[in-house]
Every structure is written in structure tokens, then in C-alpha cells.
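Working notes for the structure below.
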Amino acid sequence: MRAAFPSLRLRRLRQNPGIRALIRETELNLRDLVLPLFVKREMGEKHPVASMPGHFQIPLSLLEQEIKEIKSLGISTIMLFGVPNTKDEFGSDSYSDQGIMQKALRKIRSLDPDLLIMSDICFCQYTDHGHCGILSDHTGKIDLHNDKTLELLVRQAVSHAQAGSNVLCPSGMSDGAVGAIRQALDLAGFEHVAILSHAVKYASSLYGPFRFATEGAPSFGDRKTYQMDPANAAEALGEAHSDVREGTDMLMVKPAHAYLDVIYRIKQAYPYIPLGAYHTSGEFGMIKAAAEKGWLDEKRAVMEILTAIRRAGADFIISYYTKEVAQWGVLPR
Ligand code: PBG
Ligand code: ZN
């Protein structure tokens, strides 16, 4: 007789937690999680992000305390976002040696030589129009000037490398960004600095709370001309393919929870390339808000969703729950 699956024996064995752990397919460890951090210049206090409970814009003067806390919680990797004081047409704070990111990177690096720092490379927080690149004209058309964008993106990238970033994360979806950044890094002697491209980034509603955190919402128009249509999955393979060809070290899918099929496909297509998934601010907010209403068991929901993102194929997850998960003490370091 053919045995049913799972067999009665297996069901019984699974009552033993040791066996459950032995046959579990997906592992989630604290070291698989990356904590996003927002740094802002010239404030006395941490400034809470209203749309993201538990998250703050952190002034340079309080970074030391923050980094200490992060380390003591066992968090190994951060993803840094800068909020500048001034914005202009070209986003000049983003590539200035005295820019918010450059200052924060130098500071964190000097505080902790071992912390893995991923740094966001983009223009939306730094430009007065709030788009992820330099616009072709200012007549209200959303047309990114690709060459001009790449030229300044490369300056931004090299300055982050100089300031101590380990992994550069171009998040603006400009064509040719990875190749241009790689070439410039190598020329400047930063062969050891890695690139994690936001290869597959959708024009998603799930970035809403983040745009308050970085003060980077577009002043007009939307990002649909340079971010992907949520209806497309095969196209994601094309996006990943060009970034792989241009030399990205790692790939990313963003958002994560609504795009598990895309994570799965990218991992199948590029099993040898480390894959990150960005559990975005909106995805964080959905759980947070439901939990505050008492509609969800927050810990269980978070662990289930993060595990599902790993199961789909992500090697690591950028998550606004990283700190809380660490505080809950539920994951092996
Ligand atoms: C912009 C950027 C966005 C996020 C990260 N980088 C927002 C956007 O494209 O509008 C979203 C992250 C999040 O929602 O957590 N380069
Ligand atoms: Zn951007």
C-alpha cells in the first residue's frame, strides 16, 4: 500500500521540536536581516517618522549611541539613507564630500570598522523635483536625462566608497548605472566595494511611508517611467540580466511580500548571485497598523512573512522589523 504523505510516523516525529528543526527547509537568522537607517543633518534630537513607528531621522550627533545599540542587538548590516538639508536641481548634496551621507558614512566607519554598511545611491531625496535622477528639462515632463544622471550617480558612488561604504545600492533604476559605477569604482581603486543593484523595482504603492522618512516624494508626476509595472514578471528577468551583465555583485527585488513569485524566478535564473528582498515601508506599515488594532499577532505575522520571503529565494531581507526582531530575541544570531 502506498503511504499517505506525510506519513503517520512523520506526523508523530514532528511533535518533537528537535525533529521539526531537523527537517525544516527554511532558516531565518538575525544575520539575514538588514536594518534601514535614516540620517539627517543638524537636528538636536532624533525625529520620529510619523508614518513608521519605531523609526527615526537620526542626527549625526546621535549616531554613536544608535550604532552601539545596533551592535549590542547583534545586527550585522545596515542600509543607510540620507536626508539632506538642501535640495537643488542636481541633488548636489548627494555627491558632495560634505554631504549628509558622506559625513554619516565616515562617522559610522570610524565608530565601528566591522559593521557592514550598505548605502543608498539615488537622487530623489536630494533633488528639488524629487525624482530619482536629473530631469531633461523643467517643463514638467518626467524624462530622466540618462547621461547626466549617470555622471552624477558615479560621483555619488565614488564618494560613498571613499567615505567607507561596503556595498553601494543604486535604487533609481537608471539604465547603465551598474556598469558605470563599477567602472568608476575600479578606476578609483575601490575594487573591493560591492554593488547591490535594485535591479527589480516596481512602481509600487508600498513605498508611501518611506517618502515621509526621506522627504523624497516627487513634487510632480510619478515614477512609472523608470520603475516596473507590477503586472510584469518576465520583464524582471530582463532587468536582472542587464545588471548581471554590467557586473552587479548582488540583486534585489522590491517590494517583497507581494512579489514572492518574482523573488522565486530571479533566484531560479541566477542561483549563484546573492539575492536581497526589500520588505518595504508599506509592507511594514500593513503589519504594524493591523497589530496596533489587535487584528494580528505581530510577532507571528512578522516571522511568517520574513520566513516566506526567505523560502521564496531571498538570501537576505531589508526590513524595518530588524530591530524589533532582534529585541524579541526569537532568532539565532
Ligand atoms: C527611492 C527609494 C524608495 C524606496 C527606497 N528607495 C521609494 C521610491 O522609489 O519611491 C522605498 C523603500 C521603502 O518603501 O521602504 N530611490
Ligand atoms: Zn530614488
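In table form, for the structure just shown:
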{"quantity": "Filter pass, GLU215 being without any contact (Cβ under 8 Å) to a residue 12 or more places away in the chain and open to solvent by 40 Å² or more (accessible area, probe 1.4 Å)", "calculated": "no"}
{"quantity": "Condition check for LEU60: in contact with a Ser or Thr (Cβ under 8 Å, 6 or more places away or on another chain) and modelled with pLDDT of 95 or more", "calculated": "no"}
{"quantity": "Count - residues of the stretch 234-290 that are under 24 Å from ILE305 (Cα atoms) and touching a Ser or Thr at 6+ places or on another chain (Cβ under 6 Å)", "calculated": "2"}
{"quantity": "Any hit, the stretch 178-188, residues being within 12 Å of ligand 2 (Cβ to nearest atom) and open to solvent by 10 Å² or more (accessible area, probe 1.4 Å)", "calculated": "no"}
{"quantity": "Identity of the residue in the stretch 320-333, in a helix (DSSP H, G or I) and open to solvent by 10 Å² or more (accessible area, probe 1.4 Å), that ends up farthest from PRO36 (Cα to Cα)", "calculated": "TRP328"}
{"quantity": "Hey, VAL49 within 16 Å of ligand 2 (Cβ to nearest atom), in contact (Cβ under 8 Å) with a residue 60 or more places away in the chain and either over 19 Å from VAL167 (Cβ atoms) or surrounded by fewer than 19 Cβ atoms within 10 Å (Cβ to Cβ) (or both) or not", "calculated": "no"}
{"quantity": "Residue within the stretch 62-75 that is among the acidic types (Asp, Glu) and farther than 26 Å from LYS299 by Cα present", "calculated": "yes"}
{"quantity": "Flag if SER205 is buried (at least 21 other Cβ atoms within 10 Å of the Cβ) and within 16 Å of ligand 1 (Cβ to nearest atom)", "calculated": "no"}
{"quantity": "Condition check for GLU151: open to solvent by 50 Å² or more (accessible area, probe 1.4 Å) and either farther than 26 Å from LEU187 by Cα or touching a Cys at 6+ places or on another chain (Cβ under 9 Å) (or both)", "calculated": "no"}
{"quantity": "Selection from the stretch 264-283 of residues that are touching a residue at least 12 places away in the same chain (Cβ under 8 Å) and out of contact with any helix residue (DSSP H, G or I) (no Cβ under 7 Å at 6 or more places or on another chain)", "calculated": "LYS267, GLN268, PRO274, GLY276, TYR278"}
{"quantity": "Odd one out for ILE108 among (1) under 20 Å from the mean Cα position of the chain (by Cα); (2) surrounded by fewer than 24 Cβ atoms within 10 Å (Cβ to Cβ); (3) of a type in the set (A, V, I, L, M, F, W, C); (4) away from ligand 1 (no atom under 15 Å from the Cβ)", "calculated": "(2)"}
{"quantity": "GLY133 being buried (at least 24 other Cβ atoms within 10 Å of the Cβ), more than 19 Å from the chain's Cα centre (by Cα), small (Gly, Ala, Ser) and within 16 Å of ligand 2 (Cβ to nearest atom)", "calculated": "no"}
{"quantity": "Hits in the stretch 56-106 - residues which are farther than 26 Å from ALA194 by Cβ and not hydroxyl-bearing (Ser, Thr, Tyr)", "calculated": "PHE56, GLN57, PRO59, LEU62, GLN65, ASN85, LYS87, ASP88, GLU89, PHE90"}
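Residues are listed down the side, and each one gets a yes or a no for (1) of a type in the set (Gly, Ala, Ser); (2) at positive phi; (3) modelled with pLDDT of 95 or more; (4) within 16 Å of ligand 1 (Cβ to nearest atom):
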{"site": "SER174", "(1), (2), (3), (4)": "yes, no, no, yes"}
{"site": "GLY179", "(1), (2), (3), (4)": "yes, no, yes, no"}
{"site": "LEU185", "(1), (2), (3), (4)": "no, no, yes, no"}
{"site": "ARG211", "(1), (2), (3), (4)": "no, no, no, yes"}
{"site": "GLU215", "(1), (2), (3), (4)": "no, yes, no, yes"}
{"site": "ASP222", "(1), (2), (3), (4)": "no, no, no, yes"}
{"site": "ALA231", "(1), (2), (3), (4)": "yes, no, yes, no"}
{"site": "VAL244", "(1), (2), (3), (4)": "no, no, yes, no"}
{"site": "GLY247", "(1), (2), (3), (4)": "yes, yes, yes, no"}
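The values are calculated or read from the model by the stated rules, or taken from the named source; none is laboratory data. Quick caveat, the model's predicted, so the values are computed rather than measured. For neighbour counting, all protein chains shown are included, and Cβ atoms are generated from backbone atoms with ideal geometry for every residue, glycine included. Calculation scope for accessible area: heavy atoms of the full protein, side chains included, ligands and nucleic acids excluded. Shrake-Rupley method; radii C 1.70, N 1.55, O 1.52, S 1.80 Å.
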